[in-house]
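Novice: Encoded as structure tokens, here's the structure I'll be asking about.
Values in this text are rule-based calculations from the coordinates and carry no lab data. Being a predicted model, the structure only gives us computed values, none of them experimental. All Cβ positions, glycine included, derive from the backbone under ideal geometry; neighbour counts span all protein chains shown.
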Amino acid sequence: MPAVSKGDGMRGLAVFISDIRNCKSKEAEIKRINKELANIRSKFKGDKALDGYSKKKYVCKLLFIFLLGHDIDFGHMEAVNLLSSNKYTEKQIGYLFISVLVNSNSELIRLINNAIKNDLSSRNPTFMCLALHCIANVGSREMAEAFASEIPRILVAGDTMDSVKQSAALCLLRLYKTSPDLVLMGEWTSRVVHLLNDQHMGVVTAAISLITCLSQKNPDEFKTCVSLAVSRLSRIVSSASTDLQDYTYYFVPAPWLSCKLLRLLQCYPPPEDGAVKGRLVECLETILNKAQEPPKSKKVQHSNAKNAILFEAISLIIHYDSEPNLLVRACNQLGQFLQHRETNLRYLALESMCTLASSEFSHEAVKTHIETVINALKTERDVSVRQRAADLLYAMCDRSNAKQIVAEMLSYLETADYSIREEMVLKVAILAEKYAVDYSWYVDTILNLIRIAGDYVSEEVWYRVIQIVINRDDVQGYAAKTVFEALQAPACHENMVKVGGYILGEFGNLIAGDPRSSPLVQFNLLHSKFHLCSVPTRALLLSAYIKFINLFPETKATIQEVLRCDSQIRNSDVELQQRAVEYLKLSSIASTDVLATVLEEMPPFPERESSILAKLKKKKGPGAVSVPDLEDGKREGGELNGGGERGPDSAAMSASNASTPSPSADLLGMRSAAPMSAAPTSAGSLLVDVFSEAGPAAPSAAVNDDGFLRDLEPPTETSGLSSELQTPVDSPFNASSRRFVCKNNGVLFENQLLQIGIKSEYRQNLGRMYLFYGNKTSVQFASFTTTVSCPGELQSHILSILRATKPVEPVVEGGAQIQQVLNIECLTDFSEAPLLNIKFRYGGALQNLSLKLPVTINKFFQPTEMTSHDFFQRWKQLSQPQQEAQKIFKANHSMDTEVLKAKLLGLGTALLDDVDPNPENYVCAGVIQTKGQQVGCLLRLEPNGQAQMYRLTLRCSKDSVSLRLCELLAQQF
Amino acid sequence: MMRFLLLFSRQGKLRLQKWFTPMSEREKKKIIRDMTTMVLARQPRSCNFLHWKDLKVIYKRYASLYFCLAIENQENELIALEVIHRYVELLDKYFGNVCELDIIFNFEKAYFILDEFLIGGEIQETSKQMVNRSIEASDMLQETMEEYMSKPAF
């Protein structure tokens, strides 16, 4: 098995994938897959409940099989089950499966929606994002119905995490696109617009897509976004290349967001507010200026990002079409790109100039580049670029350059790629008609078109030439002469025969005076093509023949003979047979007058939209065609009505091979992979930022920590201590100090003589403890002394200074109470408690008491609130074995929830809700403040009510603290 | 918006498919076929953009893999090209010197990374750090949760 699996590699999956890869044939692959499917099916059906991991693995395998292109008809239920797993990867795979193989099975949708609902309300940002991604990926109507009202709330809620906001914005956009009726922005509108002001660039980037789409649909309601977008853009454009940190892409500040902002502005007319407009024009100028600056990096990513913004800015300038200065600058900039060495830029410059050509301000400026564009058409290696050049020539064409452009396009057509020929033909035909000053040029051009690219001349094109010839008597003679000459060629295209048949049938008389084109010569020429032609063309020729009989009575006998011949009058094609029979009969029965009426010259066609234009429009979508209507168009670009009046198959043809790849292209397009820089991540930072609240002192402390800990002896109970004591600390005393782990005030000690109360308060690593000694007897205590000692190592760990508020009273009267204050400073963590030694005489007997003071490490806790996400991140960072301490113990006290919560709060930590997937469990976090360092601590307490047991787990950034806290707390519950 | 993203090898083997709009399996298969034949037939040093039906197709080759992204007609080609590059960078950062095999064997991760980067055909987060943080956090969270939850019962 290759060792390429990452993260939680699912070994079974990797084995399966490599099996598939090793299959020698498609059959072997199918066999292996079927075996696997059978295996998975039996596992799913088996009696044994599958654990989450196996379920995940099998669902993932099914997904893999599906993505290979095989059908999957089971496993959906198991995937849905994974959605409610608490394990992130299981959930994730479940969602992935659902997103890829969504099924309209209503029962499942209900279950899926339920799982999504749970995750959306989990307040766990990672789970929420997964659920939102799923909605966006599926985007079905049912999901829109279920969540369209919930998501805007998540999007604008103040406490939503940024990452969730980002997902929510785009999820909402997706639902809006599928079911706009269900997404009602109303009350949210202004808050959504104001996301443009969000501090987090990622939120703005995601939100702007939503805002752009909503603005397109409801421009008035979202109008306020214009000024916000302008000021955001202005801030980005004027920022230094490093200001935006990770949102700077190869020295270009926020290119994606900039493009999106410029696109949003294209939904609106230029800002009316003068100040806003001024600011925007300034931005656009800055962008144009930056294009002239030397690049900050040689990487193509840098120039791409920079130019992406430039092109988008140019689009906006063209959209406004109101700033002549900017338009001309844009045009000059694009002119530079026309000769750039980057093919991509040449391509885009050609494309962008096409739209620029339609502006009256820049049309002339675009025209100055005609030679460069013609050159591109001739010399570009890449067919896509040549096509853009052809488009631009078409767009920049006007009366002044039409002849040149049409000639260039015609000559390009001879070698043009098959994929673009049809479109080229249409364009040439349109330009020729539109800018024809004399129609002989037009006729020549169309006949040339047919000669050069006959196969690509659609019906619309030759219909159109006939319409025009019929409507203009000044060109009819010329047309007849030219087409007659064209038909002389030994091999001529069938379309030429059609045009020739039609025109000679109508206007052959105009050239009949010349003996070289006498009626009979004309007829013989046409008829010589007859047998090579298809049925429709033959039918057309038969009509031409009957027209000849009318035009030239001298041809009647010859033509009747042709019609009478078996191949016509008994043709197996009904249409041809019928024409032959009818025309023959007509020519024999009808008088000359009748014949002349029936076969009169065609009346002029009504002036109408060119059917070619309609066809090109259909091919390219609107916009592409209206371009040449810029000036002196006979028709309004916007009102084109499809005039494909006679071509039943025109639609089929127009859908044809625009995208067929050039067969000559070779497959070895080598382009080396761009070098990818792997930015080194600073290692060993785990400890440093365990707690971000730790402040500037933390890093150095944490670094020291490591070495320090290694030197440290494993913490042991200082067993020698008790022997030094005159009175051994007996268990009741110990028990009493235990009571103070979770509280600060109370009675520390009490016997018949003496009661000691304490009150304590802690801040940071400092504490102050008030000790109250009460004499319960009526007799005075004499020689009353108290000392606090820190045995052994403790001295260096804790500083405790005992001082009396009043000068030390050696005498405590009967029934009286004296008070002492103890100041405590925690220098570093500790496990032993300081000892309080009390000596006094009572009725002559020396009393000697030794007590442990209830100063425990947890007193220096600062609570830390954190999200589940952060909790687990820190939990993970504290995963060295020594950092964890765990104890399983029997419950000694009530397991009541409120009691437990009070204890945990008393501990000094923050009690975190919604962190542990199991709601029975308790999770806490806090930082222990010592003089030199801060120790982050995480705590998890799992009660097991049935067994009356607890499991306590501690993870701290310092091993000794974990151990100590674990010991301390195990006695508390 | 983006309509779909395909990753395929020089041999035309599909390695990743992401559809940002609903589409039938038949349509998908046709598009995959069209894209692979179209893109694989391109000459070296051609431009990275193609027109296809009413969409723009932006493609780029990285080592043995072609990344092929279809965007709507009014969208910006150059920035789409950098969308591809950023995705490659994200994969590279996650896998460390990513290669085709990584994507074959960890296809689900490639999808997860994509989901953090793009949603519904729009950009969710462009910052490499942010995307990676959430991916790594997910990975971490998953491992931690597994370990956290999988202590033997007591």
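Novice: Checking the a/c ratio against 1.5 first, then a/b against b/c, what shape does the Cα gyration tensor give for region B:1-105?
Specialist: It comes out rounded by the Cα gyration axes.
Novice: In region A:516-576, which trypsin sites (Lys or Arg not before Pro) are in a loop and have at most 14 other Cβ atoms within 10 Å, using DSSP for the loop call?
Specialist: Listed in order of number, the matching sites are A:570.
Novice: For region A:196-350, rounded, prolate or oblate, judged on the Cα gyration tensor with a ≥ b ≥ c (square roots of eigenvalues), a/c < 1.5 rounded, else prolate if a/b > b/c?
Specialist: Oblate shape, in that a/c is at least 1.5 and b/c is the bigger or equal ratio.
Novice: Here is a follow-up. Efficiency by 1/(1 + (r/R0)^6): what FRET value for residue A:813 and residue A:867, r their Cβ-Cβ distance, R0 = 60 Å, to the nearest 0.05?
Specialist: 0.60
Novice: Calculate how steeply helix B:25-40 sits against the longest principal axis of the alpha-carbon atoms of chain B, using the helix alpha-carbon long axis, and give the answer as 0 to 90 degrees to the nearest 10.
Specialist: With rounding to tens, the tilt is 70 degrees.
Novice: A further question on this structure: What angle, in degrees between 0 and 90 and rounded to the nearest 10, separates the Cα long axis of helix B:77-95 from the longest principal axis of the Cα atoms of chain B?
Specialist: It is inclined by approximately 30 degrees.
Novice: Tell me whether region A:220-268 comes out rounded, prolate or oblate; compute the Cα gyration tensor, take square roots of the eigenvalues as a ≥ b ≥ c, and use a/c under 1.5 as the rounded threshold.
Specialist: Numbers: a/c = 3.31, a/b = 2.32, b/c = 1.43.
Cα axes put region A:220-268 in the prolate bin.
Novice: Just add up the charged neighbours of residue A:352: K/R +1, D/E -1, any other residue whose Cβ is under 12 Å from the Cβ of residue A:352.
Specialist: -2
Novice: OK, next. Angle, helix B:107-117 long axis vs. longest principal axis of chain B, Cα atoms, 0 to 90°, nearest 10?
Specialist: 80 degrees
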